[in-house]
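To start, the structure itself, in structure tokens.
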Amino acid sequence: MGTTVRTNQDRARTSCSPDGTRPGVARRLTLAAVALGLVAGLGACSSSDDGGSTAKATTTTKVTTSTSRPVRERPEGPYTLATTNTGQAQGKIYAQIYIRRVDRQERTLNQDQLTGPRRERLARIPGITVTNIGVLDLGGSKSIQFSVQGSDLAELERLATQIMARLRDIPGLVDLDSTLKPDKPTLAVDVKRDAAADLGLKVDAIARSLRTLLAGVSVGNWRAADGESYDVRVQLAPESRSAAGDLQQLPLVLGSQPDGSARVVRLSQVAELRPSTGPNQINRRDMNREVNIDANALGRLSLIHISEPTRPY
């Protein structure tokens, strides 16, 4: 197992002028992302006064709409654009809110002074989780990142959970989040090997049949009268694969009967189905599995101070 700490603060210093603004840039957007909540991000320049920012969060369309209203309460950011399942907020429960700020000369508060009250206001909205508030210059990325790598996914999850618990105790560290998400529900298929062998069925043959019936397979293409080509995909109808009981009755073809008809067995005869869970996502870096932990810093935090919680690992 290994832990790597990356920071964008040095890069931010080189691209900022002494007053904390970016030379030659007049207006920008801020991005906020929401995961059933709203995420507001901090720019690489802690005192950047560009024209906009973004926020990320997990949410539904209704929650996203209601979350945009308090963002527009302040006169410094009256314009917003909310999107779900796009950009860095991939997933039906994730959203981004783009906040267009007025020009710097038309407001008295800078980026740092606006970020704090906005984050506190969003934290009071039930049902959402704010994960980042950042300027679009950096793609909405955060200033501090931890990379935990290894081959054992369960061990990575254990270490990432411990590291995040320690990082939460560091004053000034905000928007703490990770790529470690709750497992998604799955349906496990346990093959009855003896029964399958007696019928002449191999495990890989069962897997191919299930893949074709459930995920579908492309068998060719069709050219319409308007000249457009469309893939022809063979797949069970949605109503035939929506419940575990439906899957148990899936037909598996073994061959032909003496009269030429297909010899068919049901999946329940050669396998058992049970509820299970699986990884929501698996990230990899340098051929290793990885859990990425990121955060923003209020003010300037020492890199040694930030990396201290990961030293035992």
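Some observations on this one:
- The stretch 95-113, subset of a type in the set (V, I, T) and in a loop (DSSP other than H, G, I, E, B), residue surrounded by the fewest Cβ atoms within 10 Å (Cβ to Cβ): T108
- Note on the stretch 140-177: among residues that are among the basic types (K, R) and part of a helix (DSSP H, G or I), the one that is nearest to the chain's Cα centre (by Cα) is R158.
- Within the stretch 160-207, the set of residues being modelled with pLDDT under 85, of a type in the set (D, E) and farther than 30 Å from L250 by Cα comprises D175 only.
- Yes/no for L180 being within 16 Å of the chain's Cα centre (by Cα) and either in a helix (DSSP H, G or I) or more than 30 Å from G77 (Cα to Cα) (or both): yes
- Residue match in the stretch 205-213 (condition: assigned to a helix (DSSP H, G or I), in the same structural domain as L252 (by TED's automatic domain parsing) and touching a Lys or Arg at 6+ places or on another chain (Cβ under 6 Å)): no
- Count - residues of the stretch 216-253 that are of a type in the set (D, E, K, R) and closer than 15 Å to R266 by Cα: 2
- Residue in the stretch 120-135 that is surrounded by fewer than 16 Cβ atoms within 10 Å (Cβ to Cβ), of a type in the set (D, E, K, R) and touching a residue at least 40 places away in the same chain (Cβ under 8 Å) present: no
- Extreme residue, farthest from I293 (Cα to Cα), among residues of the stretch 183-204 that are within 19 Å of the chain's Cα centre (by Cα) and not in a loop (DSSP other than H, G, I, E, B): T186
Residue-wise test of (1) within 20 Å of the chain's Cα centre (by Cα); (2) within 21 Å of K184 (Cα to Cα); (3) modelled with pLDDT of 75 or more.
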residue: A40; (1), (2), (3): yes, no, no
residue: S48; (1), (2), (3): no, no, no
residue: G52; (1), (2), (3): no, no, no
residue: T58; (1), (2), (3): yes, yes, no
residue: S66; (1), (2), (3): no, no, no
residue: Q88; (1), (2), (3): yes, yes, no
residue: A95; (1), (2), (3): yes, yes, yes
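- Boolean, D231 is at pLDDT 80 or above, farther than 25 Å from L156 by Cβ and surrounded by fewer than 15 Cβ atoms within 10 Å (Cβ to Cβ): yes
- Residue in the stretch 296-303 that is surrounded by 14 or more Cβ atoms within 10 Å (Cβ to Cβ) and either at pLDDT 90 or above or in contact with a Lys or Arg (Cβ under 7 Å, 6 or more places away or on another chain) (or both) present: yes
Listed here are the residues, each with its yes/no results for (1) of a type in the set (K, R); (2) farther than 26 Å from K192 by Cα; (3) assigned to a loop (DSSP other than H, G, I, E, B); (4) in contact (Cβ under 8 Å) with a residue 24 or more places away in the chain.
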site	(1), (2), (3), (4)
S218	no, yes, no, no
A225	no, yes, yes, no
L236	no, no, yes, no
S242	no, no, yes, no
V264	no, no, no, no
R274	yes, no, no, yes
T277	no, no, no, yes
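The values are calculated or read from the model by the stated rules, or taken from the named source; none is laboratory data. This one's a predicted model, so the numbers in the text were calculated from it and none came from an experiment. Glycine gets a Cβ as well: all are built from the backbone with ideal geometry, and neighbour counts include every protein chain shown.
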